[in-house]
1. Among (1) more than 12 Å from ligand 1 (Cβ to nearest atom); (2) at pLDDT 95 or above, there is one condition R59 misses while meeting the rest; what is its number?
2. With (1) farther than 24 Å from R219 by Cβ; (2) under 18 Å from the mean Cα position of the chain (by Cα) as the list, and E42 as the residue in question, which single condition is left unmet?
3. List pairs: first residue in segment 218-233 and closer than 20 Å to L197 by Cβ, second residue of a type in the set (D, E, K, R) anywhere in the structure, Cβ distance under 6 angstrom, at least six positions apart or on different chains.
4. Can you tell me which residues in segment 30-47 are buried (at least 16 other Cβ atoms within 10 Å of the Cβ), out of contact with any Lys or Arg (no Cβ under 6 Å at 6 or more places or on another chain) and not polar (S, T, N, Q)?
5. Would you call A198 crowded, with 23+ Cβ neighbours inside 10 Å, among the small types (G, A, S), away from ligand 2 (no atom under 16 Å from the Cβ) and under 30 Å from A112 (Cβ atoms)?
6. Answer yes or no as to whether S50 is within 16 Å of ligand 2 (Cβ to nearest atom) and exposed (fewer than 13 other Cβ atoms within 10 Å of the Cβ).
7. Those residues that are small (G, A, S) and touching a Pro at 6+ places or on another chain (Cβ under 8 Å), I need them from segment 35-60; list them, please.
8. Report, ordered by the first and then the second residue, all pairs with beta carbons closer than 6 Å, sequence separation of six or more or different chains, a first member in segment 80-107 that is within 27 Å of L185 (Cα to Cα), and a second member that is small (G, A, S) and in a strand (DSSP E or B).
Amino acid sequence: MALLEVRDLTKVFPLGESAFGGGAQGEVCAVDGVSLDIAAGETLGLVGESGSGKSTLGRLILRLIEPSSGSVRFDGQDVLAAGRAQMRRLRRDMQIVFQDPFGSLDPRMTVADIVTEPLVIHNGAARSARMATAAELLRAVGLDQSALGRYAHEFSGGQRQRIGIARALALKPRFIVADEPVSALDVSVGAQIVNLLAELQREFRLTYLFISHSMPVVRYLATRIAVMQRGKIVEVGPTEQVTTRPQHPYTRSLLEATPELRT
Ligand SMILES: Nc1ncnc2c1ncn2[C@@H]1O[C@H](COP(=O)(O)OP(=O)(O)OP(=O)(O)O)[C@@H](O)[C@H]1O
Ligand SMILES: [Mg+2]
């Protein structure tokens, strides 16, 4: 059985008011009948151009937004039917790493407080236990212990992304949605973060949904790749197959945008 099972997931957003007057301008189907499985321990890469619905799909899976229809099962549990207590437990297991390591960290909090905040929210851990956990989390993401008492704004983009990853790991999740985690970083710094995610996957037996518009980045990390176009998954398959023998014209166009892959 897959760790995550998504069936016919759909999200329709109402379109906003027109700047030129007139009422609501209809609706947009951001995610349109998506079904996919993710096995425990694998990385499903999700690629597609801007606006294709990747982030919306990731947020629906974590139930950060409610779908219009469809189902999400995590480890056999119906995520969308979960009540408060069950959802609290599920949230420990399912975490997110965001694209923007600047906006997603509170500048007024120390690194120790940022990475252990989820522990406070979920089980009110004692301060001494939290500090031990914070030190352990920093070690896991390759940051020096001296970072603990400093503030997020004192760090570079790559370091901030490590802090964001440490925070996502605090509750020992099994599944992480990484939504463009390296898109805001320089290529070399991004490569270090991708390597870190791969190491953490081995160390903590993580399962990833890795969202990116970049085929080279996805290819490096993904076991399988799903290609999204206008709300739909148009192709899904093992990484090697999708990158060397793409079946869908849209996948071919994404690969043509990165010619170094067509060797
Ligand atoms: N809260 C919202 N309200 C209305 N429309 C939305 C909302 N969130 C997303 N959309 C629309 O849904 C579609 C998909 O957006 P989404 O952010 O999921 O795309 P994406 O593939 O993640 O793009 P990007 O690569 O730019 O991050 C877009 O047309 C977007 O405008
Ligand atoms: Mg997005």
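1. Of (1) more than 12 Å from ligand 1 (Cβ to nearest atom); (2) at pLDDT 95 or above, only one is false for R59: (1).
2. It is condition (1) that E42 fails.
3. That search, which allows pairs on different chains as well, returns T223/E42.
4. V34, L36, D37, I38, E42, G45, V47
5. In short, no.
6. Here the answer is yes, as S50 does meet what is asked.
7. None - no residue of segment 35-60 is small (G, A, S) and touching a Pro at 6+ places or on another chain (Cβ under 8 Å), so the list stays empty.
8. V97/A178
The values are calculated or read from the model by the stated rules, or taken from the named source; none is laboratory data. The structure displayed is predicted, hence computed values, not measured ones. Glycine also receives a Cβ, built like all others from the backbone with ideal geometry; neighbour counts cover every protein chain displayed.
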